[in-house]
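See structure below.
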Amino acid sequence: MCANRGEEVSVIIRVRDEATTIVSCLELLHAQQPGERALEVIVVDCGSRDGTGELAAAHGARVLELAPGRFSFGRALNLGAANAAGELLVALSGHALPPDEGWIARLLEPFGDRRVACASGDRYDPEGAILTERVVQDAALARRRPEWGYSNAAGAFRASLWRRRPFRDDLPGCEDKEWAWYWLRRGYLCVIDPSLATRHDHTHDPLTAIFRRARREAAAYGSFLELAPYGARELARDWWCDLRWYRSAARARLSPRRAARLLGAYAGRRGR
């Protein structure tokens, strides 16, 4: 039986062909201990052909269907949020696995502060150093590093704010950053904490996937941020100077994955 609105937390999982991970994800969610709150799990299946939706339903999730031709990250989350009972909504990718049974409780804790619009985890700070403590992001911090911040891959947000302004469903990506940016500019806060990070790894993705993701995200940023011109000179500067997340300059400059990411961002900024 569902709890009354406000007593329940709703988890919205976006999936497409996630049969290899969805059962583990759901089992880890069922093991969560979110205090006195009931846990509702909604899976938005965007055209899976490997039985992901059936597996999710068999493991207790409510499954909603979104046709692949209508998919965007924002539209999938909006569909889940529109059908959710909770006042705090957790967004989760089907391959992002909670690290322990206390993850949701930690994720919800920052919302005791009414100024917090959203919260998620990250293992690195805006400069690429290992993150060791909580960061409370405001609009000033977001302006300095707009690509760093809230993530719907594994994060939580207020349903009351979502009802006032849903995620943009016309963006190819970065609907999470755009939504957070909207509320940060209105005085709200975003909490980023390393203890909220999930097992969510794209480091072994094919180079083409890394390129496409970077291109998609760069194009999305350009639709809601005023970005400086970005040409071949800026690309060369970033390749030579922006060494975040790498232990040495040589590793960074010789990394094909970093090259794919930079070239994708260049293509997205140039509209290619």
*Distant-in-sequence amide H partners of Arg199 (H built 1.01 Å from N, under 5 Å)*: Leu97
*What is the Cα radius of gyration of segment 1-144 over 2.2 N^0.38 Å, N being its residue count?*
1.10
*Along segment 37-49, what does the Karplus equation 6.51 cos²θ - 1.76 cosθ + 1.60 (θ = phi - 60°) give for ³J(HN,Hα), rounded to whole Hz, x for Gly and Pro?*
7, 7, 10, 9, 10, 10, 10, 9, 9, 9, x, 4, 10
*What are the residues whose amide H is under 5 Å from the amide H of Gly86, where those residues sit 5 or more places off or on another chain and H is modelled from the backbone?*
Ser10
*Principal axis dimensions, the chain - Cα atoms, whole angstrom, descending*: 59, 42, 33
*asked:* Give me a comma-separated list of calculated 3J(HN,Hα) values for segment 67-80, in order, Karplus coefficients 6.51, -1.76, 1.60 applied at θ = phi - 60°, integers in Hz, x for any Gly or Pro.
replied: 4, x, x, 9, 5, 8, 4, x, 5, 4, 5, 4, 4, x
*asked:* Quick one: the Cα spread of segment 207-269 along its three principal axes, in angstroms, biggest first?
replied: 33, 24, 18
*Which residue, chosen from Gly268, Pro256, Leu243, occupies the Cα position most advanced towards the positive end of the dipole of segment 207-269, where the dipole is computed from +1 (Lys, Arg) and -1 (Asp, Glu) charges on Cβ about the Cα centre?*
Pro256
*What fraction, in whole percent, of alpha-carbon pairs in segment 122-259 exceed 25 Å separation?*
31 percent
*Euclidean distance of C-alpha centroids, segment 196-272 and segment 1-77, integer Å*: 30 Å
_Need one number: the % of Cα-Cα pairs in segment 166-235 sitting beyond the 16 Å mark._
65 percent
*segment 84-193: C-alpha gyration tensor shape, a/c 1.5 cut-off, then a/b vs b/c*: rounded
_Under Karplus coefficients 6.51, -1.76 and 1.60, residue-wise ³J(HN,Hα) of segment 246-261 in Hz, glycine/proline x_ = 10, 7, 8, 5, 5, 4, 5, 6, 9, 7, x, 5, 5, 4, 4, 5
_If amide hydrogens are placed 1.01 Å from N in the peptide plane, which non-local residues have theirs closer than 5 Å to the one on Leu131?_
Tyr124, Asp125
*Measure of size requested: the Rg and Dmax of segment 1-78, with Cα atoms as the atom set and Å as the unit; please supply both.*
12.9, 39
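Quick note: the coordinates plus some simple rules give every number you see, no bench work behind them. All values derive from a computational prediction rather than experimental measurement. As a convention, Cβ positions derive from the backbone with ideal geometry for all residues, glycine included, and neighbour counts pool all protein chains shown.
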